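Here's the structure we're looking at; comments come further down.
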């Protein structure tokens with residue numbers, strides 16, 4: 001078992017909020033030399049160590065009171081020991097809440113529009129891959145590092161739980177969190193587009209993102225990801241049944 005990050009997280013955050021503030025500010029409160037927020041890395045580490053092949057890991061809501069309590073502890077800078085104070089459901093909910101409450105989505109709105117247009121208009125896989133990588137490189141470094149980290153984490157989950165969690169299913173759950181999609185609107189086409197784009201990123205993350213081993217958890221082998229096929233109808237069903245909020 002790897003050494004817990006909780007102590008260093010407490011030392012580095014002090015009284016700095018981590019929820020609902022720009023990524024740059026969160027990053028500055030983390031460990032020097034790391035561009036992925038320490039909060040995110042500690043939660044992912046906990047999920048990787050304890051999630052295993054837990055069926056329905058991302059389908060279960062965390063207890064709202066516990067999630068809010070953990071959030072307040074992180075925001076006040078006190079030491080948080082996920083091993084003793086959290087469970088898998090609350091850890092997943094806390095991660096999603098962090099993404100949802102960023103003032104700007106991990107992929108900013110302006111770049112989202114360009115990526116969606118690319119995904120609608122591309123004429124070849126080569127063109128899609130080349131332009132997608134270019135657009136991703138336009139992200140601020142902290143956004144790029146976080147998105148890369150999340151894509152490799154979720155790809156690893158899919159590779160370990162391929163019978164219960166395909167890349168498409170994970171993209172349907174996390175797409176609205178990363179893109180800040182308004183889940184109250186009845187625009188299934190937009191929901192499907194976001195999910196398909198994120199699925200593309202997950203399935204081809206090794207091609208789209210540069211390698212930075214220091215930013216990536218090494219618990220799982222993310223190098224072999226099985227091809228996942230999913231129909232629009234299945235994706236819609238997964239989205240409507242699996243999506244939950246952390247409010």
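The values are calculated or read from the model by the stated rules, or taken from the named source; none is laboratory data. Quick caveat: nothing in here was measured; it's all calculated off a predicted structure. Every residue, glycine among them, receives a Cβ derived from its backbone with ideal geometry; neighbour counts consider all protein chains shown.
Residues to consider are 125, 68; find the one that is more than 17 Å from residue 175 (Cβ to Cβ) and surrounded by fewer than 16 Cβ atoms within 10 Å (Cβ to Cβ).
Only one candidate passes the filter, namely 125.
Got at least one residue in region 156-174 being in a loop (DSSP other than H, G, I, E, B) and at pLDDT 90 or above? Full working, then the answer.
Applying the first criterion (in a loop (DSSP other than H, G, I, E, B)) to region 156-174 yields 161-166.
With the extra rule that they be at pLDDT 90 or above, the set shrinks to none.
No, there is no match, as no residue in region 156-174 is in a loop (DSSP other than H, G, I, E, B) and at pLDDT 90 or above.
Go over the candidates 18, 40, 60 one by one and state the one that is assigned to a loop (DSSP other than H, G, I, E, B), under 30 Å from residue 160 (Cβ atoms) and modelled with pLDDT of 90 or more. Before you say what the answer is, go through the steps one by one.
On the way: 40 fails: assigned to a loop (DSSP other than H, G, I, E, B); 60 fails: modelled with pLDDT of 90 or more.
Only one candidate qualifies: 18.
Can you tell me which of (1) at pLDDT below 50; (2) assigned to a helix (DSSP H, G or I); (3) more than 20 Å from residue 37 (Cβ to Cβ) is the one residue 214 doesn't meet?
Residue 214 satisfies every listed condition except (3).
Conditions tested, residue by residue: (1) modelled with pLDDT under 95; (2) within 16 Å of residue 26 (Cβ to Cβ); (3) within 20 Å of the chain's Cα centre (by Cα).
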| residue | (1), (2), (3) |
| --- | --- |
| 76 | yes, yes, no |
| 80 | yes, yes, no |
| 88 | yes, no, yes |
| 91 | yes, no, yes |
| 98 | no, yes, yes |
| 105 | no, yes, yes |
| 109 | yes, no, yes |
| 112 | yes, no, yes |
